[in-house]
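Inspection log for the structure reproduced underneath, given as structure tokens.
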Amino acid sequence: MQKLVIKGKRELIGKISISGSKNATLPILAASILAKQVILKNIPLVKDIFTMVDLLDFIGLKTKILKKKNIIEIRNNENSINTLAPYRLVKTMRAGVLVLGSLLTKYGKAKVSLPGGCAIGTRPVDLHLFALKKLGAKIKIKNGYIIAEAKKGLKGNTIKFSTISVGATENALLAASKAKGTTILKNCAIEPEIKDLIIFLKKLGLVINIKGRTITVRQSEIKNSKIVHSVIFDRIELGTYMIASALQAKKNVTIDKIDPKLIKSEIDILKKIGVQIIKKRSSIIVAKNKKLKRINIKTKPFPGFPTDLQAQLMVMLTQAKGISKIKENIFENRFMHVPELKRMGANIEIKNKTAIIKGPTSLTGAEVMATDLRASVSLVLAGLIAENKTTINRIYHLDRGYEFLESKLKKCKAEIKRI
Ligand code: UD1
């Protein structure tokens, strides 16, 4: 099994280019089932994307990944379409469940493996199914599979989500794309990745409006022409490297291929902590920081502070003076990095949903275990500032979502290698 070995206390300097967003690419790949031909640009070459592409192949689409160009070409020739998403392809990547909306609305049926729980929480799909039922789908659960049917097609409706869910909003949007009449989705997630999916769906010919957390989808004809779309940048990858750079910053790190407007709340929070950030049109510079200050923060749906940056921010707060608190509001079990960070010398206590971090503490290298995607990268950040060597085990989690992690960091003078 591969490990990452990091020699800490090396100053980062240079430039990091941000890849395309994994969480935007996944639902757009699921939406490609609705299209005839798609050219998707700026896709990140990470494991979750390959798994989704395998799922599209299994369903019967023709896919081709042009690795050197970060492009995926997809064709749906409508031959031998399989409306099944098997367990082996959904179990490692929950976003597989997003093909449910597209398959059901287009082919009137779908059988998709229940994704099951995952390390960060139970992560049910009840809201996805609630929305599909409201659109007229008949759904049963059998042998670990969601079996959905809409023989006469789906029908538009007004759907109000009780909880804001990224995945349920996406699945409902996909299902509404071919529903008769108008669908009004209320209390939706409005993450930039969902807006990117909407841009893609509009290119497909759909008429969609967003006002606050309400999204309206009007019945429209899906085009048969080739759709070309370039995926937005990965704001979580950007946030991760902003924190990595800020933790070191005696020198400047430039992070480009981004839009600073989409990470305004993250930039504001880092500035409050004492990080100097200079915004440009499509890049930012993380400059020499002042003394880091404590902060209290809660994770929230966009435009709030993202749960996907909670673990990384926690590493930063181990270096801030005073007592900081992070309340995790989205997932019930997303503090698995805490015991590992404590083994490196962090002073963190968990009370219910809140992590209490006392700083500053100097971290020392240790052998640690990655537990999920974002927890894993927080250990990389900790390793970069720790004394001596840190060895991170089970890094396959990192490979699910960070493109060229080692080479991007190495280019900025980090000492990191995979063994
Ligand atoms: C997506 C992101 C993930 C991010 C999360 C929250 C992708 C591929 N993944 O995950 O990186 O951490 O948003 O920003 O985009 N819930 C229910 N019932 C449901 C669905 C969700 O109770 O049917 C709950 C979840 O357990 C969680 C909350 O709603 O507590 C938010 O989850 P959701 O927004 O759905 O996350 P994902 O779409 O799975």
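Between helix 22-31 and the chain, what is the angle of the helix's C-alpha long axis to the longest principal axis, kept within 0 to 90° and rounded to the nearest 10? Once rounded, the angle reads 10 degrees. Normalised by the number of residues in the chain, the mean separation of alpha-carbon contacts (under 8 Å, six or more apart) gives a relative contact order of 21 percent. When you filter the trypsin sites (Lys or Arg not before Pro) in the range 182-258 for DSSP loop state and at most 11 other Cβ atoms inside 10 Å of their Cβ, you are left with Lys250.
Taking every DSSP bridge with both residues inside the range 22-230, close to 70 percent are antiparallel.
Net length available on complete extension from Lys180 to Tyr107 is 24.9 nm, with 0.36 nm assigned per residue and the Cα-Cα distance removed. For the chain, a Gaussian network of Cα nodes joined below 10 Å ranks Asn79, Asn171, Asn296 by mean-square fluctuation, and the top entry is Asn79. Helix 373-385 and the longest principal axis of the Cα set of the chain meet at an angle near 20°.
Filter the trypsin sites (Lys or Arg not before Pro) in the range 141-172 down to the DSSP loop ones having no more than 11 other Cβ atoms within 10 Å, then list what survives. Walk me through the intermediate numbers first.
Values: sites: Lys142, Lys151, Lys152, Lys155, Lys160; in loops: Lys151, Lys152.
Answer by residue number: Lys151, Lys152.
Have a look at Val99, Phe233, Ala287 and report the one farthest towards the positive end of the charge dipole of the chain, computed about the Cα centre with Cβ charges (Lys/Arg +1, Asp/Glu -1). Checking the options against the dipole of the chain, the answer is Ala287. The range 125-164 and the range 352-419 have Cα centres spaced 39 Å apart. The charge dipole of the range 22-230, taken about the Cα centre with unit charges on the Cβ atoms of Lys, Arg (+1) and Asp, Glu (-1), comes to about 380 debye, rounded to the nearest 20.
Across the range 22-230, C-alpha contacts under 8 Å between residues 6 or more apart give a mean separation that, scaled by the residue count, equals a relative contact order of 21 percent. GNM, the chain, Cα, under 10 Å: largest mean-square fluctuation among Met316, Met52, Met369? With Cα springs under 10 Å in the chain, the top fluctuation among Met316, Met52, Met369 is at Met369.
Here the chain carries DSSP beta bridges of which approximately 70% are antiparallel, counting only pairs with both residues inside. Largest GNM mean-square fluctuation across Lys22, Lys264, Lys293, computed for the chain with C-alpha springs under 10 Å, falls on Lys264.
Treating only the Cβ atoms of Lys and Arg (+1) and Asp and Glu (-1) as charged, compute the dipole magnitude of the chain about its Cα centre; round to the nearest 20 debye. Please list the in-between numbers first.
Numbers: 79 positive and 31 negative charges, 147 e Å.
Here the chain has a charge dipole of around 700 debye.
When the listed pairs Lys9/Lys342; Lys223/Lys408; Lys36/Lys279 are checked against a 28 Å cut-off, the alpha-carbon distance exceeds it for Lys223/Lys408; Lys36/Lys279. Rolling a 1.4 Å probe across all protein chains gives Leu381 an accessible area of roughly 10 Å².
If we count every other residue with Cβ under 10 angstrom of Lys155's Cβ, Lys/Arg +1 and Asp/Glu -1, where does the sum land? Can you show the working numbers first?
Working: positive: Lys134, Lys152, Lys180; negative: none.
Residues close to Lys155 contribute a combined charge of +3.
Positive end of the dipole of the chain (Cβ unit charges, origin at the Cα centre): among Ile198, Leu127, Val46, the Cα lying farthest that way belongs to Ile198. Loop-located GluC sites (Glu not before Pro) in the range 74-181 (DSSP state other than H, G, I, E, B) with a sparse environment of at most 11 neighbouring Cβ atoms within 10 Å: Glu78. Per-residue 3J(HN,Hα) values for the range 79-93, derived from phi via the Karplus relation 6.51 cos²θ - 1.76 cosθ + 1.60 with θ = phi - 60°, read 8, 5, 6, 10, 8, 10, 10, x, 3, 4, 9, 9, 5, 8, 8 Hz in sequence order (x marks Gly and Pro). Translational diffusion of the range 22-230, estimated by Stokes-Einstein from the Kirkwood radius over alpha carbon pairs at 25 °C in a medium of 0.890 mPa s, is 147 µm² per second.
Surface exposure of the chain, expressed per residue as accessible area with a 1.4 Å probe, stands at 42 Å².
Coordinate range of the alpha-carbon atoms in the chain per principal axis, descending: 63, 44, 41 Å. Taking each DSSP H run with n ≥ 4 as -39500 (n - 2.57) and averaging over every residue of the chain yields -9000 deg cm²/dmol at 222 nm.
Residue separation times 0.36 nm, minus the C-alpha to C-alpha distance between Lys288 and Asp126: what's the value?
Values: separation 162, 0.36 × 162 = 58.32 nm, distance 4.63 nm.
Extra length available between Lys288 and Asp126 comes to 53.7 nm.
With Cβ to Cβ distances under 15 Å as the rule, what net charge do the other residues near Met369 carry (K, R +1; D, E -1)?
Numbers: positive: Lys3, Lys342, Arg343, Arg374, Arg394; negative: Glu340, Glu367, Asp372.
Value of the local net charge: +2.
Once the convex hull of the alpha carbons of the range 55-127 is built, what does its volume come to per residue, in cubic angstrom? If you can, show how the numbers build up before the last one.
Details: hull volume 8.3 nm³, N = 73.
Enclosed volume per residue, from the Cα hull, is 113 Å³.
Around Lys134, under 10 Å between beta carbons, what's the net of Lys plus Arg minus Asp minus Glu among the other residues?
Numbers: positive: Lys133, Lys155, Lys160; negative: none.
Local charge sum for Lys134: +3.
The values are calculated or read from the model by the stated rules, or taken from the named source; none is laboratory data. Computed from a predicted model, the values in this text were never measured in an experiment. Glycine gets a Cβ as well: all are built from the backbone with ideal geometry, and neighbour counts include every protein chain shown. The area values use the complete protein model at the heavy-atom level, side chains included, leaving out ligands, DNA and RNA. Shrake-Rupley method; radii C 1.70, N 1.55, O 1.52, S 1.80 Å.
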